[in-house]
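Right, one structure below, let's go through it.
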Amino acid sequence: MTKACKLAAGNWKMNGLRADLEQARILAQAIAKPNCGVLLCPPATLIAAMADAVAGTAVMVGGQDCHAQISGAHTGDVSAQMLVDSGARYVILGHSERRADHGESSVDVAAKAGAAHGAGLVAIICVGETEAERDSGQTLDVVLGQLAASLPEGATAANTVIAYEPVWAIGTGRTPTLEQIAEVHDALRESLPDAAISLLYGGSVKPGNATEIFAIANVDGALVGGASLKAEDFGAIISALGAA
Ligand code: PEP
């Protein structure tokens with residue numbers, strides 16, 4: 001079986017102005033030859049400028065969402081092709097903040113992922129349970145249900161990454177136990193159409209907990225929010241992944 005690739009992906013969410021590109025430059029210098037893939041997903045306004053800022057380095061750039069259509073009357077939206085044209089290689093899809101703030105369903109996510117694949121992007125598809133769903137014992141049903149409904153036809157390790165992000169762990173400083181992460185990642189691996197698809201954990205990953213999370217079997221990397229904004233913190237997480 002081909003092994004899944006290691007990836008440290010940073011999600012800047014709605015944070016970052018041009019002055020903050022300096023953090024991407026510092027990161028690119030600091031990690032020169034990482035033992036894993038390194039990705040930063042800034043807001044759409046910074047994608048092209050960040051791609052220029054890190055050109056020729058190990059840092060790749062991605063978007064945080066795309067529309068399912070190639071073009072058309074969709075005010076405020078960005079297509080997968082536009083992301084590619086701006087220098088993106090990846091796109092995050094179905095983040096819980098988009099599922100909650102924009103009512104995106106897994107069917108919507110699958111359509112967007114199909115568009116991302118069509119444009120040549122790698123889709124990072126996010127799944128994760130709420131705290132109420134975990135408390136009522138529904139975690140695996142929810143996560144595996146989201147996975148099945150969010151994956152488009154033709155998803156392979158070459159065009160798809162899955163991020164397990166418990167909603168209650170995002171931006172809260174709380175993380176599941178290592179056993180809880182392992183249980184979900186093991187179940188996800190079993191359910192993938194291609195066992196070499198990378199599985200990221202996301203939710204309050206920081207330098208202090210990265211090493212123990214990356215030691216879990218079936219964790220191939222992380223999707224990192226807050227700790228990806230500062231080159232020093234994200235660099236430390238990248239080092240931990242490279243050493244895992
Ligand atoms: C995220 O935005 O995907 C995320 C995991 O955020 P944080 O690392 O801040 O919890």
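Side notes on the structure shown:
- Taking each of Lys13/Lys206; Lys112/Lys230; Lys33/Lys206; Lys3/Lys112 in turn, the alpha-carbon distance tops 24 angstrom for Lys112/Lys230; Lys3/Lys112.
- Solvent exposure ordering (accessible area, 1.4 Å, most first) of Met82, Met60: Met82, Met60
- When the Cα positions of Ala53, Leu241, Gly63 are compared along the charge dipole of the chain, Ala53 comes out farthest toward the positive end, with charges on each C-beta of Lys, Arg, Asp and Glu.
- Trypsin sites (Lys or Arg not before Pro) restricted to the stretch 1-57 and DSSP loop, no more than 10 other C-beta within 10 Å: Lys3
- Surface accessible to a 1.4 Å probe, Arg89 within the full protein complex, Å²: 140 Å²
- The chain, relative contact order [Cα under 8 Å, separation at least 6], %: 23 percent
- For the chain, alpha-carbon Rg relative to the globular expectation (2.2 N^0.38 Å, N residues): 0.93
- Full-stretch length increase - Met14, Asp194 - with 0.36 nm per residue and alpha-carbon distance subtracted: 61.6 nm
- Considering only alpha-carbon pairs that sit under 8 angstrom and 6 or more positions apart, the relative contact order computed for the stretch 1-110 is 22 percent.
- Qualifying GluC sites (Glu not before Pro) in the stretch 151-184, where qualification requires a DSSP coil assignment and no more than 11 other C-beta atoms within 10 Å, comprise Glu153.
- Principal axis analysis of the Cα atoms in the stretch 117-244 yields extents of 38, 38, 23 Å, listed in decreasing size.
- Across the stretch 64-147, the relative contact order, built from alpha-carbon pairs under 8 Å that are at least six residues apart, equals 30 percent.
- A convex hull fitted around the alpha carbon atoms of the stretch 108-151 yields 56 Å³ per residue.
- Leading residue at positive end of dipole, the stretch 14-92 (Cβ point charges), from Leu40, Ile26, Gly16: Ile26
- Distance (nanometres) between label positions extended 7 Å along Cα→Cβ at Thr177 and His74: 4.2 nm
The values are calculated or read from the model by the stated rules, or taken from the named source; none is laboratory data. Owing to the predicted nature of the structure, the values given are computational and were not obtained by experimental measurement. Note that we place each Cβ from the backbone using ideal geometry, even for glycine, and neighbour counts take in every protein chain shown. For accessibility, only protein heavy atoms count, side chains too; no ligands or nucleic acids. Shrake-Rupley method; radii C 1.70, N 1.55, O 1.52, S 1.80 Å.
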